[in-house]
Structure formats: structure tokens, C-alpha cells
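The values are calculated or read from the model by the stated rules, or taken from the named source; none is laboratory data. Source: prediction; values computed, not measured. Here the Cβ is made from the backbone with ideal geometry for all residues, glycine too, and neighbour counts use every protein chain on show. These area figures cover heavy atoms from the full protein model, side chains too; ligands, DNA and RNA do not enter into them. Shrake-Rupley method; radii C 1.70, N 1.55, O 1.52, S 1.80 Å.
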Amino acid sequence: MRIGGLAVGVLLTGALHPLSDARASQAASNPSADDRSLIARYCVTCHNDRLRTAQLTLEQLDPAEAPAQASVWEKVIRKLRAGAMPPMGSPRPDPAAVSDFVATLERTIDHAAANRPHPGRPASAHRLNRAEYRNAIRDLLAVGVDVADLLPPDSGSFGFDNIGDVLGLSPLLIERYLSAARRISRVAIGSASIAPTTDTFRVPSDLTQDTTAPGQPFGTRGGLVIPYTFPLDGAYDIRLRLARESVTDAVTGIRGRHDIDVTIDGVRVKRFTLVDGRLRHEDGSLAPEERGTLIIPGSRRNLGFYGDDVARVADEGLRVRVLVRAGPRLLGVTFARHSAVEIESIRQPFLRAAPENGDSHGAPYLSSVAITGPFDGTAGGDTPSRRRLLTCQPSADTAAVACARRILSTLARRAYRRPVTPADVNDLLAFFREGRAAGGFDAGIELALTRLLVGPAFLLRMEFDPPNARPGSVHAVSDVELASRLSFFLWSSIPDEELLTLAERGRLRDPGTLERQVRRMLADLKAHALVENFVGQWLYLRNVPHVRPDRQLFPDFDENLRQAFRRETELFVEGLLRDDRPALELLTANYSFINERLARHYGVRGVYGERFRRVTFEDGVRGGLLGQGSILTVRSYVNRTSPVLRGVWILENILGAPPPPPPPNVPALVDTDNNGQVLSMRERMVQHRRNPACAGCHAKMDPLGLPLEQFDAVGRLRVRGESNEPLDLSGALPNGKAFTGVTGLRQALVTQPDEFLTTVTEKMLTYALGRGLEYSDAPAVRGIIKGAAGTDHRLSSLIVGIVKSAPFQQRQAADAQRK
């Protein structure tokens, strides 16, 4: 039975609660007759063998046998801790009696779990997902790869895409991995066999390019910075395309002079100058290839007669061939800003430009950059990947095999994440000899590297039961397996040299050593992967690039705001990790990180420029996750807010009690009453709940989502809703605790902190293990939270607790059937 989706009809709105020392001392060591009487009086009336309300019966169960019946009693614990049972309006026992009863249940179950742990069994062969593959290639070979071009999206389960049971290997996927391995190996070694190819990078059509873009120098506007690995020393063609009006296909905003700079690693390699749509030399003379006259769509004054429409071909000459040394570079394309009033002097009714409609705020916008090459490439350049790979160079043919053995042994140890065996190395040497015979030493290393990158020891995170392990027995994972679990949890990548060396020496499991490694890894820049992959999926940040609010209703919404939304939440969580703040600050913080674009959207004054900086909010509304545009927008529809989506988000990600899926053929909300008057969102939800099939779940979702009507569908504050009447922001938790507005919601949630702490811990433990949690993991979750209490439940303490927990450090042997 999974913790994240318990099959109980009534919502499990509570959360596992750590047994406090005070409660533990007061609770009896075993359930008493009073506890049995409490169950009989308040629970069995509905949850009996005849009614089986919510598919749950307690009639034949005995609290004294809680460890043997933990799959059921863990459900009871969650519902009672949340105050969700007995239902509102029904007779309820004294809260102190409930608290003591639940504490006793937890104590009994946890004591049994400590004596006989049940750590679960993640998938024995866990394929690297796309993010892990990308990071492993980066750390192994110093090569950046675009996994979206190489591999298909991963399947997901339990809210994450690193769940081992769904990361299979089909024949088609193996072919994709083989193709990726060949391409990566060629680039890593700088192979002479690399043929010219074209990579095109497109600028989102709704990216407003009026200000300095990230990574670009002051005095510029718009454009793009592209991290790009040039595979060989050689010539590359760079081709620019400008944004066009969709009907006429004419470049927009080309009146006057516009300088376009192309840079590599910050050094300008080419400046294009357009004057009224014609390419000019740097001295201002007309480029010889320019012919015809200029037609400016929508202009009252055309420069010439209707001949060639220069506006259609204004960017035809924006191409240059440059010589580039191999390796990772930053290719930049941007526009020089000639004066402070270049953009400001043009009336801009909306913050979002619309070049497809002929409105680019009076200036051209970049649409795409294409890189083609290499031409006349030279193999074997000095690149980070070759320095990483070729740790020796044979002085003679007789030394080639010995050098290759050294290179491949080092490489395989990192790639396989364990000490290598002679068989591992000999397998790679066979491919080296084949490649060397065909093309020399580098070709041999390239072919051996290809073999390594498609081998199961690299693609699969494999864990093995000890020899002769009894079916179902529990054993500690090996130190090298623990190192892999840890590195893929925190870095989504392979262990580094320090971590792997400690594991090989059998010293990683020492509690002090392990904690120091966790804190070292969290301080590393690679820990951004925890935010990108764990937080990105837990808080739905990966959905932000795909939101497209209705342009008629939200004309200012653009890619700049979309990027700022996501960056705000990432910086916010990264700051909590970096500063080692309590987990509850995810909800209670009165600050966030914003730039000028986001500040204008939020109505915050005094913030200028594209740099994100920490800003304290004085209104008590913004701050914390509940006030961030990323979450509010993702949990809305394109044309309106959704109390349901927002309420479900709170149930799933704050309270840890996801509702069941909606029934089929759910009717749409009714917007108006019988007289044609527009209904408020609250009135629409009241009408919707009149349907008995909808009432049960909506009674818990709507009171959580309606207070967030304080924010519109793109996260702006408002005081009136769809009916143009003042908003009613009253709400209630599933236990009946009433509040008003987002400030009241935040306060109500933190008065019951254990629910949120449990949800954070469960989500993170699911991600760390790569499997869904079961009822048997509940004692470990309680233990992690209890262990972090002394540090005010700081995020780092929760992470350390996860790494030291039984589910993370142990594994259950396969049962007889699976063997």
C-alpha cells in the first residue's frame, strides 16, 4: 500500500507525525482498553464489516496488534493526526485522548520496525534518466550534451522521473543510446570523422528583447547566449534570422540603424550593421550584395518603389564564417543599444512585444541562430574532454596498449562507479584494438568509449543481494552502492573521486564521515541538480515553460516573465539550502528573489535590471511558496484561476493527502446565473458541489483553493474577481480550522507543521530511493523528522536523516518468486 496514494475513499488529509519525547513518556507502552473503547465508540460505527465505509473496516482489528496490521493502522494515524476523522459534525473524542492513542500506535509500530526493519527493495537495475545521463557525461568526460536531441523523454511515477521500476530499456531506446554514445565519443576525442552538421537555436517568439539579456554586456539589448561545444578546431558558419511578421514574412522593426554583435567567449568576432533594412559595412557604405528598395509594412512612408521587398530579405546577409578552437564556448548574439531612448521613445501599450503582428517595440528581434560546421576541421585539439580522457600518450606503438589500459581503467572506474575488474578492462581493450587497427590510437579510445557508454554497468545503477541471502532478508547496501545512491540523490550524477575513494576503502558508512560528505556535496554547485530535478518536479516548475495564458486577457505575459517565475522559485529554494534554513521557511518566508520584470508584475517598486536580488515583502501576502507566480500560474487555466487545481496542489504537496482522480464526464463550471449575471468563482464552486458525485472531494479542495483567489491566473494580486465584486477569501483546512486569505492559510498550515514536514520528507525520500513509499516506510519518515527536530528541521538535517535512514542504507533481498 503506497503512502502517496492510499486507497481510501475519504481524503487522507493528515500526515505522519513524529512522536515527541514528551508524548512518548506519557503514552502507555501498549494500547489500552480505553484505546479499544475509543475505536469502538467513534470509528467502528462506520468502519465495520457490514458498511466498510471508505473500503476500511476496523471491527476485527486490535490496536495491540498494530505492528502486524500496520498497513491499516498507518491510515488511521494519518486521518486522526489531521483531525479529518471522525467527520465534521459527528461526535468526536477528546483531542488529548486522540493524541495519546495515536502516539501509542506510533510508538508500538516504530518499536517493532526498529527491531525488524523493512527497508523495501528499489529496482535492481535502475536506468539513468535523461538528466542523470547528461550530468554523468559532463562529469565523466567534460562534455556538455543536449539530451533532448539524443534521447526520448523518460516515463515517470509517484511524481518523479527517476523511479526505477518505470525506467525500462526497449530495443528502440538501446538504439538511441548507441547513437548518442557514438556522437559523444566523437566529440570527446575530437575525431577527424566528425562531418559538418547544423544546430539551430531558436528564441521563444514571445521573448521581449528590450533589455539586456542574461549573460550579455551592458549597453546591449536582447539576443541570446548559447553554451556550445565546438567539436574540432576549424571554421563554422553562423547564420542569424530576425523575427518576422507572420502574414507578410517581413522582418519587423528595421527602420533606422541597428548593430548586431556576434561574440565568442565575450570577444566580438563580427558586427552586422543594418540601416533601414540594408546591410552596411562598418564604415557605413552599402554592402555590395544589397539591392532593391525597402518596404516597411504598416509604414506611411516607403523608402522607394515596389521592387524587391527588402524587409523580407533584410537578414539574408547576416551570416559569417569564423575560425574557432575546439571545446565548450559561449556564443553570444545581441543588439547594441545606441541610446537610452531607443526603446523608451516608442509607445508600448503592452510589456510583451508581438513581432508576429508587426510589433517588436520599434526594433528588430533575434529569431534564431544556426551553427554549421566544422569545415576544414583539425582533429586532436586541446579541449577539456581530451585532457580529461587522455591521461597518457604512448611514445611508441609498443606502449599503446599499456597507455590505453591506464586510460580505460580510470574511465571505467568512474563510469561504473565501483572498482573495475580485469574482465571490465579487457572487454574495453578489445574494442580499443579494433578501433586502433582501423584509425590509430585516438580511434581506438573512441571506439572503446562508445562501448563503455552503452554498457549496462554505465547505463544501469545495479545493486546485488549478497550471495546466499535468504529471500526477504534485510542487508546493508555496499559502500560503493551507497556512494551511488548518495551522488544520484544530491547531484543526479556519478560519485566524484573523493566520494568513490571513501566507498572503496569502506569508510563511507561511518556516520560522521557520511554526514560530512552530505554537507560537502550540498555546498557543491552540482547540488543545483537537487533543485532542478527534485524541486522542479515536486513543485511543477518543469511545467512553467509550457504555460500559455490567454493573450487577450493577459497581454503582458511573455517568455521573460515565464523565465523569471521559474528562476524565482529555484533561487528561493537554493537560498534555503545554502543558508541552511528550516524547512518551514518554504511557507513562512517573507522574502523572495526577483528582478525588474518580476517586480513590475508583482507591483514591487525600486527593483531595476535583470539581476535577481532578495527582496523583503511588507504586505504579508507575498513570500513563501504560496505567493510565487510559478506555482499560482501553473495551477490555473489559460483564461481563469482554478480553486480546484490550487486546492489539489496544497493537498498533494503541502498536506500530503492527494485526492482521488476525478470521475469521468465532470460537468464544466457554470459562469452565469439564470439572469445572465456573472457568478463569482465561489458561487460557481458552490453550484458545482451540488452534484453529489463532486461534493465529497470538493468539500476539502475548494476551501483550500478559494483563499488563493487573491491572486489572478498569472499570480497578480487583486481585490475583485470575475463578477467584479470584492473577493470572499474565507477558507478552511480539512480539519475544519477556518482562516481568511493567503496570510491566514499560511498561518493555519504552520500551526500544524508536522503535516508539511512529513510531506517534504516523504517526497524527498521517494526521490532519493527512486521508488514509491509504502506503509512500512512510515516509521523511517517519523524517525527522520524526529531526528531533525533539534535543528529546527533544517533542510540539511532532513537530507542527512534521509541518507542515514534504513530505507536509504539497506535493502531487502528478493523473495523466492523473484529469485
Test: residue in region 245-258 that is at pLDDT 90 or above and of a type outside the set (Val, Ile, Thr) | yes
Out of Asp146, Asp94, sole residue that is under 30 Å from Arg52 (Cβ atoms) and either of a type outside the set (Val, Ile, Thr) or open to solvent by 20 Å² or more (accessible area, probe 1.4 Å) (or both) | Asp94
Please work out which residue is nearest to Gln209 (Cα to Cα), limiting yourself to region 588-638 and to residues that are over 23 Å from the mean Cα position of the chain (by Cα) and of a type in the set (Asp, Glu).
-> Glu596
Answer yes or no as to whether Val615 is in contact with a strand residue (DSSP E or B) (Cβ under 8 Å, 6 or more places away or on another chain) and either aliphatic (A, V, I, L, M) or at pLDDT below 95 (or both).
-> yes
Test Arg127 against the criterion of being basic (Lys, Arg) and either within 26 Å of Leu38 (Cβ to Cβ) or at pLDDT 90 or above (or both), and give yes or no.
-> yes
Which is touching a Lys or Arg at 6+ places or on another chain (Cβ under 6 Å) and not basic (Lys, Arg), of Ser630, Ser642?
-> Ser630
Selection status of Leu169, touching a strand residue (DSSP E or B) at 6+ places or on another chain (Cβ under 7 Å), surrounded by fewer than 20 Cβ atoms within 10 Å (Cβ to Cβ) and modelled with pLDDT under 95 | yes
Residue by residue through region 77-131, note down the ones that are in contact with an Asp or Glu (Cβ under 9 Å, 6 or more places away or on another chain) and more than 30 Å from Phe808 (Cβ to Cβ).
-> Ala97, Asp100, Phe101
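Residues checked against (1) modelled with pLDDT of 90 or more; (2) polar (S, T, N, Q); (3) in contact with a Gly (Cβ under 6 Å, 6 or more places away or on another chain):
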{"site": "Ser630", "(1), (2), (3)": "yes, yes, no"}
{"site": "Pro643", "(1), (2), (3)": "yes, no, yes"}
{"site": "Arg716", "(1), (2), (3)": "yes, no, no"}
{"site": "Ser723", "(1), (2), (3)": "no, yes, no"}
{"site": "Leu727", "(1), (2), (3)": "yes, no, yes"}
Gly696 being assigned to a helix (DSSP H, G or I), farther than 26 Å from Pro555 by Cα and open to solvent by 40 Å² or more (accessible area, probe 1.4 Å) | yes
If we take region 555-648, then helices (runs of 4 or more DSSP H) inside it with 2 or more residues that are surrounded by fewer than 22 Cβ atoms within 10 Å (Cβ to Cβ) are 559-578, 585-588, 596-602
Filter result for the condition that a residue is open to solvent by less than 50 Å² (accessible area, probe 1.4 Å) and closer than 28 Å to Cys392 by Cα, over Asp139, Asp154 | Asp139
Taking first residues from region 153-165 that are over 9 Å from Gln537 (Cβ atoms) and part of a loop (DSSP other than H, G, I, E, B) and second residues anywhere that are of a type in the set (Ser, Thr, Tyr) and at pLDDT 95 or above, the pairs with Cβ under 6 Å that are 6 or more apart or on different chains are Phe158/Thr766
Considering only residues that are more than 25 Å from the chain's Cα centre (by Cα) and of a type in the set (Lys, Arg), look in region 172-222 and name the one that is nearest to Pro545 (Cα to Cα).
-> Arg221
Meets criteria (modelled with pLDDT under 95 and hydrophobic (A, V, I, L, M, F, W, C)) for Val474 = yes
Residues in region 324-335: is at least one modelled with pLDDT of 85 or more and in a loop (DSSP other than H, G, I, E, B)?
-> yes
So Ala748 clears everything in (1) open to solvent by 30 Å² or more (accessible area, probe 1.4 Å); (2) under 24 Å from Leu576 (Cα atoms) except one condition, right? Which one?
-> (1)
May I ask you to list the residues in region 529-543 that are out of contact with any Lys or Arg (no Cβ under 6 Å at 6 or more places or on another chain) and open to solvent by less than 60 Å² (accessible area, probe 1.4 Å)?
-> Ala529, Leu530, Val531, Glu532, Asn533, Phe534, Val535, Gln537, Leu539, Tyr540
Would a scan of region 419-440 turn up a residue that is touching a residue at least 60 places away in the same chain (Cβ under 8 Å), in contact with a His (Cβ under 7 Å, 6 or more places away or on another chain) and over 20 Å from Ser191 (Cβ atoms)?
-> no
Identify all residues within region 118-129 that are within 16 Å of Trp491 (Cα to Cα) and either surrounded by fewer than 19 Cβ atoms within 10 Å (Cβ to Cβ) or hydrophobic (A, V, I, L, M, F, W, C) (or both); write none if there are none.
-> Leu128
So which residues in region 385-442 are aromatic (Phe, Trp, Tyr) and out of contact with any Leu (no Cβ under 8 Å at 6 or more places or on another chain)?
-> Tyr416, Phe441
When only residues in region 752-763 that are open to solvent by 10 Å² or more (accessible area, probe 1.4 Å) and modelled with pLDDT of 95 or more count, which is nearest to the chain's Cα centre (by Cα)?
-> Lys763
Residues of region 518-554 classified as in a loop (DSSP other than H, G, I, E, B) and among the β-branched types (Val, Ile, Thr), total | 1
Determine whether Arg689 is among the charged types (D, E, K, R), without any contact (Cβ under 8 Å) to a residue 24 or more places away in the chain, open to solvent by less than 20 Å² (accessible area, probe 1.4 Å) and at negative phi.
-> no
Among (1) at pLDDT below 95; (2) over 30 Å from Gly156 (Cα atoms); (3) surrounded by fewer than 18 Cβ atoms within 10 Å (Cβ to Cβ); (4) in contact with a Gly (Cβ under 9 Å, 6 or more places away or on another chain), which single condition is Thr740 missing?
-> (1)
Residues located in region 786-815, provided they are crowded, with 20+ Cβ neighbours inside 10 Å and among the charged types (D, E, K, R) | Arg794, Arg811
